[in-house]
Structure formats: C-alpha cells, structure tokens
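Student: Below is one structure. I have some questions about it.
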Amino acid sequence: MEKQISSEKTVLEIPRRLVDKRLDVAVFDLLQKKLPTRSLSRGSITRLINERKISLNGRETIPDHLVKLHDTAEVSTQDLFTPAPILEPQEDIDIPILYEDEVIIVINKPEGIQIHPARRGINMKTIAHWIITKYPKLRGIGEDPLRPGIVHRLDRETSGVLVIAKTEASFKSLKELFQKRAMEKTYIALVYGHMEALEGQINKPLIRHSGELKRFAVETQYVPEGAREALTLYRVIARYAEFDLLSVTPKTGRTHQIRVHLASLGNPIVGDKLYTSKSLQRGDKFFSQRQLLHAFRLKFDLFSKKYTFGAPLPPDFQSVLKDIDPVRHQGRDSTFFQSEATGAKGPSSPIKGKAKVISNGVDETSKTVYDSEALKSLLVE
C-alpha cells in the first residue's frame, strides 16, 4: 500500500508478503510496482537508505533492517530520481593487482582508501575511481554506478584481498557466493591482551548501536528485533607479552563483525578507534594509526574454477610486529604450538624465558608463543 503525502515524498506501507524482508528489498519491490516505467536499481535504494534519504517509521535505519507488517518507509521522490553523480577518472591512485583474467580482478587494497564514495564525497579517491580509470568498460557493471564491479567491501582502514567483477555474469555469481557464504575469508588481526582460548568461535548476534549509527553492538542475553546472526572463528597465531596475533574467519558477513566480536571479548583490534577505549589507546606505545586488520586470504569457486588469493601483511603491520618482538623476526625463535589433536610438538625456544610451547591450551609462564610456520607465511622480508 502506498500513501502519497506530497509531490516530493511517498510513504510505502509494508504488506504481509514482505514481512521480515530487508528494508532495501522491500522498498525496491514496492517502488517497482508503483513506478513500473521508471528505471530503478536496488543499489540506488540501498545508497539512499545509507544517505538517510529513506526512513522507516520516521527514523533513520540501515538497508538490512528487517521490516514488519504495517511498517512505513518514507521515500523522497526527488532524491530517488536525482541522477547519481558520475565518477570521474583519477590518474594518481596506485592499487596493486594480485590477479586478473577475463571475468575478475583481484587487488591488494591498501589501508586508508575507501571502496566507493558517497554522493557527498564524489571527488574523494576511492577504489571505484581507480576501477573506472583503469577499466572504463566496467562502468555499469553491478547495481550501483558508484560501485562498478564491486561485490564486497573492506573498511577504509582494513587492507588486503578484494575481488572485483569484470562482467555482469561474474558480478551476479560472486554476489551469490557471498550471499550463500560460499566465500572462504581469512583475516589477520592484532588484538589487545590474550584470548581466553587458543582457538574458538564467537557466536553473538549483531545489532546497530542504539546511540550511534556508525557503531554496532552484540546481543548475548536475548535476540532483539533487528539483530542479525553473526559467527566468527579465530585461532591464535602468535602470543606476545600484551597482544595476540589472530587468524580470523568470519562465517557471516556483517558490517564490523570481526571488530565488534573481538571487542566483545575484551580483545579489541589494535588501532580500532571505534571499538577501543580511549584509555587503552592512550596507554599503548605501539598503538597504530589504523586498525591492524588485514584480509589475508580469499578462496572460492567460480565458473568451475577454484581460486585462492593471498596478500602478505603490509609494511606498517609488519613494522608493529617487529617493534613488539624484534628477536622473533630475526628468525631465532622456533617455538610451535602444542597440538592436542595430533600430539605434535615443536622444538623449544633457544631463548629462555622468551617463548614456551603451550600444553593443553594453557600457558601460565611464558610471554611469547606462536605457530612459527603460520607466522612465517605472513612475513615478507
């Protein structure tokens, strides 16, 4: 049901058939039926929600909010049919390419650059600008002209592997892989303190923070309306005196999922200004200017081909690790984790008091332990 309240705004009422659908999906569905002759994309609806141009029950919200019966979405018709800004080429953006074929491009995204601009920041330097500069034929690939070929995101301060679609067919297939959780993603994160277990899972629903739209929070006591399931697996690669280096695998793809989940355990990512207390930031001499989260590996099957891509830790991340423990990175510490499953045990450290093999998952005395082979694979001298 639609109620025209002015020449510039329309209120869409959620019918029963769209209950528990995402807001952007529901609005797109209703507008397609109301305006069948107009060209709309779900991406444009998503963008307008993110830009606070579409509200739900009079309040700002997010595209993946699940709507209920008789909820009302207010849409600005003027914004809806305002042409999206056009991305202009920018020649001074340097992005390392890890792989390219006829259907995909895989890049090693540097930290400090956003994936795509908002309308208000159309002239900022982003991955989207780099795409249309180097690959002008990719304009129009995907659902949003501001995100040509882009099927997933990394936060501005997160570095690492990012895949880009070169064709409409690969865009749709990659998007489906992400939706079906068929992408195997591995991140590396440096966190404050020591994890309670050497490996484990964090199964806590996420919800938009009630006081800050940019933040998310976990819910453990009950699952309120609008909360989304979120599952993260982790394993400790290295243990330092005051930090743990983790291999992290998100099984769901929620915004800020890894950051929120680790912070919820009391182990926020080093450099994460949004989810780390001010006192912890001020007291850490190794505190990074950006969050030390890196998209290390991406594995998937596409068009009957198996793809695996990896990106080594960037220099700034490696520099922090060397500052924390320079001895290890001279190659003199060869401690391995104790594996309870296989009984395997690595050699003890030649540096007394510096490292110790963990036994039965508990380490009461040592300051530094790590899986040397896993750590070695991250480092590029």
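The values are calculated or read from the model by the stated rules, or taken from the named source; none is laboratory data. Please read these numbers as outputs of a predicted model, since none were measured by experiment. As a convention, Cβ positions derive from the backbone with ideal geometry for all residues, glycine included, and neighbour counts pool all protein chains shown.
Student: Does the range 185-215 hold any residues that are of a type in the set (Asp, Glu) and either modelled with pLDDT of 95 or more or assigned to a loop (DSSP other than H, G, I, E, B) (or both), and which are they? Break it down into steps so the answer makes sense when it comes.
Tutor: Residues of the range 185-215 of a type in the set (Asp, Glu): 196, 199, 212.
If the condition is that a residue be of a type in the set (Asp, Glu) and either modelled with pLDDT of 95 or more or assigned to a loop (DSSP other than H, G, I, E, B) (or both), then Glu196, Glu212 are the ones that fit.
Student: Conditions first: (1) crowded, with 20+ Cβ neighbours inside 10 Å; (2) touching a residue at least 40 places away in the same chain (Cβ under 8 Å); (3) in contact with a strand residue (DSSP E or B) (Cβ under 6 Å, 6 or more places away or on another chain). Glu74 passes all but one, so which condition is the exception?
Tutor: Status for Glu74: all satisfied but (1).
Student: Between a first residue in the range 251-266 that is touching a residue at least 60 places away in the same chain (Cβ under 8 Å) and in the same structural domain as Arg22 (by TED's automatic domain parsing) and a second residue that is crowded, with 18+ Cβ neighbours inside 10 Å and of a type in the set (Val, Ile, Thr), which pairs have beta carbons less than 9 Å apart while being 6 or more apart in sequence or on different chains?
Tutor: Every condition considered, no pair remains.
Student: For the subset of the range 83-100 comprising residues that are part of a loop (DSSP other than H, G, I, E, B) and surrounded by 13 or more Cβ atoms within 10 Å (Cβ to Cβ), which member is nearest to the chain's Cα centre (by Cα)?
Tutor: Step one: filter the range 83-100 for residues part of a loop (DSSP other than H, G, I, E, B), giving 83-96.
In the following step, the residues that additionally are surrounded by 13 or more Cβ atoms within 10 Å (Cβ to Cβ) were identified as 84-85, 87, 90, 93, 95.
Numbers: Ala84: 25, Pro85: 25, Leu87: 23, Gln90: 25, Ile93: 22, Ile95: 19 Å.
In this case the residue turns out to be Ile95.
Student: Here is a further query. In the range 91-119, what count of residues is obtained for those that are of a type in the set (Lys, Arg) and under 18 Å from Arg297 (Cβ atoms)?
Tutor: Of the residues in the range 91-119, the ones of a type in the set (Lys, Arg) are 109, 119.
Narrowing further to those that are under 18 Å from Arg297 (Cβ atoms): 109.
So the answer is 1.
Student: Right, next: So which residues in the range 24-55 are farther than 26 Å from Val151 by Cβ and touching a residue at least 24 places away in the same chain (Cβ under 8 Å)? It would help to see each step written out before you state the result.
Tutor: Going through the range 24-55, the residues farther than 26 Å from Val151 by Cβ turn out to be 33-37, 55.
Hit for the range 24-55 is Lys34, nothing else.
Student: Take the conditions surrounded by 17 or more Cβ atoms within 10 Å (Cβ to Cβ) and within 24 Å of Pro96 (Cβ to Cβ) and apply them to Phe300. Does it pass?
Tutor: Values: surrounded by 17 or more Cβ atoms within 10 Å (Cβ to Cβ): yes; within 24 Å of Pro96 (Cβ to Cβ): yes.
It is true that Phe300 is surrounded by 17 or more Cβ atoms within 10 Å (Cβ to Cβ) and within 24 Å of Pro96 (Cβ to Cβ).
Student: Just to check your reading of the model, which residue among Arg156, Arg147 is of a type in the set (Lys, Arg), surrounded by fewer than 21 Cβ atoms within 10 Å (Cβ to Cβ) and either in contact with a helix residue (DSSP H, G or I) (Cβ under 9 Å, 6 or more places away or on another chain) or not assigned by TED's automatic domain parsing to the domain that holds Leu280 (or both)? Full working, then the answer.
Tutor: Details: Arg147 fails: surrounded by fewer than 21 Cβ atoms within 10 Å (Cβ to Cβ).
After applying the criteria, what remains is Arg156.
Student: Hey, another quick one. Please enumerate the residues belonging to the range 247-269 that are more than 16 Å from the chain's Cα centre (by Cα) and either part of a loop (DSSP other than H, G, I, E, B) or modelled with pLDDT under 85 (or both). Show your work before the answer.
Tutor: Let us first name the residues in the range 247-269 that are more than 16 Å from the chain's Cα centre (by Cα), namely 264-267.
Of everything in the range 247-269, those that are more than 16 Å from the chain's Cα centre (by Cα) and either part of a loop (DSSP other than H, G, I, E, B) or modelled with pLDDT under 85 (or both) turn out to be Leu265, Gly266, Asn267.
Student: While we're on this one: Out of curiosity, is Glu8 at pLDDT 80 or above and over 22 Å from Lys172 (Cα atoms)?
Tutor: Values: at pLDDT 80 or above: no; over 22 Å from Lys172 (Cα atoms): yes.
Against the criterion (at pLDDT 80 or above and over 22 Å from Lys172 (Cα atoms)), Glu8 does not qualify.
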